[in-house]
Protein chains: 2
Amino acid sequence: MTFSRDDSAGYLANHLARLFARELQARIKPLGLSIGTFPALLVLWEGDGLTQRELIAALDIEQPTMANTLARMERDGLIQRRRDPHDGRAQRIWLTETARALEGPATAAATAVNARALAGLSATERATFVALMRKVVAGLQPDDGAV
Amino acid sequence: MTFSRDDSAGYLANHLARLFARELQARIKPLGLSIGTFPALLVLWEGDGLTQRELIAALDIEQPTMANTLARMERDGLIQRRRDPHDGRAQRIWLTETARALEGPATAAATAVNARALAGLSATERATFVALMRKVVAGLQPDDGAV
DNA sequence: TAGCATTGCATTCCAAGCTATACAAGTGCT
DNA sequence: AGCACTTGTATAGCTTGGAATGCAATGCTA
């Protein structure tokens, strides 16, 4: 009775994420983007001027990871950081024109990746798949040591 | 019509994998293991004496990643590498007693993580979830530029 | 059998994620 | 005002993942 990788949700989730990452990277590299910045951009395209803390809350990323990602984004001309006038600790994050211009092509690339990934599933299966992932994420999210 | 993270299979897969990784790491760190070695160990527990190339094929990991992982495993006393007598390029990978002894506790930890992750799903949902992940992985796997 | 292509692995360099830690700016209390 | 506490970021150091490249051993073929 060995532990079977292909029956393990965790193993499959890891494999799945790597495959998605490979696909997405291939498609957005030509745009000058890398996958780590993508989640942050998705949030900022909806509205920028957020603090690092707000981004973290939206994305469930650890703070040092986000700090690091933002540093790369600033280096690569995707964002600017300006101190919050009311709170000297915080910085508000603003997209550059470059980053704004990438919203269309970048989300199109992500949509294409999702489409390719789910190509083998029926419409019902796709909906089920996404719903189940959402459910598992939600259940795993907090320190749900609930009774 | 913005791109919605929580409707995106790719975003969810990434989030899911991070949550699984956090959980598993917490549980196997006390054993002296880290998550990157886990897939390799699962294969080797089924039978060692494999080459790096064979491990890579089993796990769909890039070669430099595996080389790196194996180097850490050797450093940490989990494996030994011995040259293949018939092929001077290849090395065969053998588990140490330490690594062998960890099979029980480590797979128990992974099983516990899976159980916790899927706790909110019915038995049917669990089966569906795993089956769908497998299907998407399979579809994404090759360079399926099929006509 | 000499030359070339292939194979197996290592190395370098980078991104992206994490933990642990540090530190400065704000807040609250006295 | 002074102090402790909290909050927002940054830094150091590690793991895990990949691309690009190098190199030695092997295999193939003319």
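The values are calculated or read from the model by the stated rules, or taken from the named source; none is laboratory data. Keep in mind that what you see is a predicted model, and the values were worked out from it rather than measured. For neighbour counting, all protein chains shown are included, and Cβ atoms are generated from backbone atoms with ideal geometry for every residue, glycine included.
Quick check on my filter: what residues within the range A:24-34 are assigned to a helix (DSSP H, G or I) and near DNA strand D (Cβ under 10 Å from one of its atoms)? Answer for the range A:24-34, where residues must be assigned to a helix (DSSP H, G or I) and near DNA strand D (Cβ under 10 Å from one of its atoms): A:GLN25, A:ALA26, A:LYS29.
So that you can scan it fast, the table gives a plain yes or no per residue for (1) within 17 Å of B:ILE79 (Cα to Cα); (2) surrounded by 19 or more Cβ atoms within 10 Å (Cβ to Cβ):
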site	(1), (2)
B:THR2	no, no
B:SER8	no, yes
B:LEU12	no, yes
B:ALA17	no, yes
B:GLN25	no, no
B:LEU31	yes, no
B:SER34	yes, no
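Note on the range B:60-74: residues that are more than 10 Å from DNA strand C (Cβ to nearest atom) and without any contact (Cβ under 8 Å) to a residue 60 or more places away in the chain amount to 3. Could you look through the range B:27-59, keep only residues that are on the phi > 0 side of the Ramachandran plot and more than 13 Å from chain A (Cβ to nearest Cβ), and pick out the one that is farthest from DNA strand C (Cβ to nearest atom)? Ranking the candidates gives B:GLY32 first.
Tell me yes or no: at least one residue of the range B:112-128 is polar (S, T, N, Q), modelled with pLDDT of 95 or more and within 16 Å of the chain's Cα centre (by Cα). Yes, there is a match, as at least one residue in the range B:112-128 is polar (S, T, N, Q), modelled with pLDDT of 95 or more and within 16 Å of the chain's Cα centre (by Cα).
Inspect all residues belonging to the range B:50-70 and state whether any of them is in a loop (DSSP other than H, G, I, E, B), within 16 Å of DNA strand D (Cβ to nearest atom), among the acidic types (Asp, Glu) and outside the structural domain of B:ILE28 (by TED's automatic domain parsing).
Taking the range B:50-70 as the starting set, the residues that turn out to be in a loop (DSSP other than H, G, I, E, B) are B:60-62.
Filter once more, so that each one left must be within 16 Å of DNA strand D (Cβ to nearest atom): B:60-62.
Then keep just the ones that are among the acidic types (Asp, Glu); that gives B:60, B:62.
Next, only the ones that are outside the structural domain of B:ILE28 (by TED's automatic domain parsing) stay: B:60, B:62.
Checked against the condition, which is being in a loop (DSSP other than H, G, I, E, B), within 16 Å of DNA strand D (Cβ to nearest atom), among the acidic types (Asp, Glu) and outside the structural domain of B:ILE28 (by TED's automatic domain parsing), the range B:50-70 yields at least one hit.
I need the full set of residues from the range B:75-97 which are outside any strand (DSSP E or B) and touching a residue at least 24 places away in the same chain (Cβ under 8 Å), in order please. Full working, then the answer.
Our first condition is that a residue be outside any strand (DSSP E or B); within the range B:75-97, this holds for B:75-78, B:85-86, B:96-97.
Within the range B:75-97, B:ASP76, B:LEU78 meet the criteria.
Selection within the range A:129-147: residues that are at the interface with chain B (Cβ under 9 Å from one of its Cβ atoms) and outside any helix (DSSP H, G or I). The member of this set that is modelled with the highest pLDDT is A:GLN141.
Is there a residue in the range A:12-26 that is within 8 Å of another protein chain (Cβ to nearest Cβ) and either over 16 Å from the mean Cα position of the chain (by Cα) or modelled with pLDDT under 95 (or both)? Walk me through it before giving the result.
Going residue by residue through the range A:12-26, those that are within 8 Å of another protein chain (Cβ to nearest Cβ) are A:12-21, A:23-24.
Checking the rest, the ones that are also either over 16 Å from the mean Cα position of the chain (by Cα) or modelled with pLDDT under 95 (or both) come to A:12, A:15.
Looking through the range A:12-26, at least one residue is within 8 Å of another protein chain (Cβ to nearest Cβ) and either over 16 Å from the mean Cα position of the chain (by Cα) or modelled with pLDDT under 95 (or both).
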